[in-house]
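Participant: Mind looking over this structure? Questions follow.
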Amino acid sequence: MGRREPSRGGASAPAQLTADQQRKREVKMMADSDSADVALIGNTDLTSSESENNIVNTMVEKGTALLRKIEINVPEAEKRTGKNTVNMQETYTAYLIETRPAESLPEGSVPATPDSLWRRYSEFELLRMYLLVTYPYIIIPPLPEKRAEFVWHKLSADNLDPDFVERRRVGLENFLLRVASHPVLSTDKIFYRFLTEEKKWKDEVLETGFQDKADSRLKSLSAMYRVKNPDKKFTALKLYSDELSAAISQLLRVRARVADRLYGVYKVHGNYGRVFSEWSAIEKEMGDGLQSAGHHMDTYAASIDDILEEEEHYADQLKEYLFYTDAVRSVCRKHELIQYELETAAQDLVSKKQQKEELTTGTVRIFSLKGMTSKIFGQESQEQRESRLAALEQSIQEGEEALKEKNKECQEFLQTAWEDIERFKEQKDRDLRDALINYAIMQITMCKKGIQVWSNAKECFNKM
């Protein structure tokens with residue numbers, strides 16, 4: 001399995017600078033096109049280091065105390081075989097997590113040996129579930145896909161395929177850096193222990209009891225349909241997340257279809273190479289030129305594999321935000337549940353106050369079983385009425401306190417959730433803009449290479 005040099009700390013400044021430079025070049029290119037019949041495309045090639053930064057974790061900023069303290073990397077993955085919880089043999093992938101002090105070192109000094117541990121994908125899932133339950137007002141960063149989705153036909157959907165495992169490794173590192181760069185999540189002790197303690201971490205996260213606090217899907221679904229006064233901002237956000245999910249899904253499907261066709265177009269250029277090579281065997285003066293042109297065609301046909309492999313990394317960046325939309329909907333569902341509980345508490349309080357009024361005045365406003373019982377068996381004694389009245393007053397007092405607490409909880413959730421939503425919106429706009437710009441740059445570079453191949457073939461023909 002090939003190893004990719006991990007990005008240290010996930011800094012995104014080089015990629016951002018590149019995007020700005022590219023926008024300036026594109027403006028210049030369009031301006032130049034007005035003054036000539038054929039416009040030459042400006043230099044949109046990326047250096048190897050810039051390309052690496054664009055592929056690996058370009059979207060995480062180093063701003064929290066945790067990332068100033070340590071560097072986090074997932075430098076490699078390893079296929080392993082072992083027994084699962086039901087004592088069955090299974091093959092799985094483990095991922096190496098490395099952490100090291102982030103202090104700058106004097107020139108010439110040797111960096112400290114990183115602390116390292118191995119984690120399975122299921123442990124990342126457990127961590128994320130803990131974060132979802134513990135911080136329901138935060139849009140929790142998503143994990144990379146467990147199995148490949150939106151793949152074109154030449155791409156393996158096997159979750160043990162080396163290329164898929166490599167892309168997932170990048171995605172898991174990006175997930176850790178997303179959490180570590182979040183102003184709230186980065187301070188969580190369980191997350192820190194996930195990075196630093198291999199053996200005890202799982203016991204500690206289960207001891208928090210977070211699983212008992214998780215809201216059932218049925219409860220959330222009931223709240224969604226029964227809440228009477230949903231917050232308009234969260235309703236609009238939920239609708240937007242649905243529309244964003246649909247747009248990104250459609251974009252990924254289109255890209256997969258284009259990749260299929262592009263693969264065929266490139267590979268069929270290999271036929272040019274074969275024909276030119278065979279033709280060169282029967283020519284004397286033209287033979288060398290035809291042979292060289294055939295070599296250029298073969299090179300062009302073979303280049304599509306690397307191109308589409310790089311494309312997959314940009315597709316993974318889009319997939320991250322496809323999965324982010326579910327995290328946004330999770331926050332909206334939690335708000336609906338809190339709102340439903342608030343409305344239920346208010347309705348219960350109104351009902352109890354009405355019962356008190358009926359008991360005090362002896363007037364029954366609505367049909368009730370208690371009213372029918374009184375008519376059949378007679379009125380209750382003064383002592384019984386006073387006892388019921390005292391119990392109702394106590395219940396009303398408790399209901400008022402409960403309603404006050406629910407109101408406070410709802411307001412706090414609204415404030416903290418919306419702060420995180422605003423932070424997420426800025427992150428989303430920046431990340432998707434840069435991903436799409438860099439994808440366009442890659443396409444331009446690919447087209448330039450195609451132009452160069454045919455220019456080289458033309459030179460070969462000219463020399464015949």
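Participant: For residue 464, what charge total do you get from the other residues with a beta carbon under 13 Å from its beta carbon, if Lys and Arg give +1 and Asp and Glu give -1? Before the final figure, lay out the partial values.
Facilitator: Values: positive: 284, 458, 463; negative: 283, 285, 288, 459.
Summing Lys/Arg as +1 and Asp/Glu as -1 gives -1.
Participant: Next question. Provide the FRET efficiency to the nearest 0.05 for the residue 80-residue 232 pair, computing r from the beta carbons and using R0 = 41 Å.
Facilitator: Working: r = 50 Å, r/R0 = 1.22.
Efficiency, from the Cβ-Cβ distance: 0.25.
Participant: I've got another one for you. Which of the peptides 314-324, 254-264 is most tightly packed, and how do the rest follow, going by the mean number of other Cβ atoms within 10 Å of each residue?
Facilitator: Averaged packing, sorted descending, gives the order 314-324, 254-264.
Participant: Report, in listed order, any pair from 189/428; 79/334; 334/425 with a Cα-Cα distance greater than 30 Å.
Facilitator: Table pairs above 30 Å Cα-Cα are 79/334.
Participant: Sort 90-100, 239-249 by packing, meaning the average of other beta carbons within 10 Å per residue, with the highest value first. Numbers along the way, then the final one.
Facilitator: Details: 90-100: 17.0, 239-249: 15.0.
In descending order of packing, they fall as 90-100, 239-249.
Participant: What ranking, highest mean first, results for peptides 165-172, 130-137, 451-458 when packing means the other Cβ atoms within 10 Å averaged over each residue?
Facilitator: 165-172, 130-137, 451-458
Taken together, the values in this text are just the output of simple stated rules run on the coordinates, not laboratory data. Being a predicted model, the structure only gives us computed values, none of them experimental. Cβ atoms come from the backbone with ideal geometry, glycine included; neighbour counts cover every protein chain shown.
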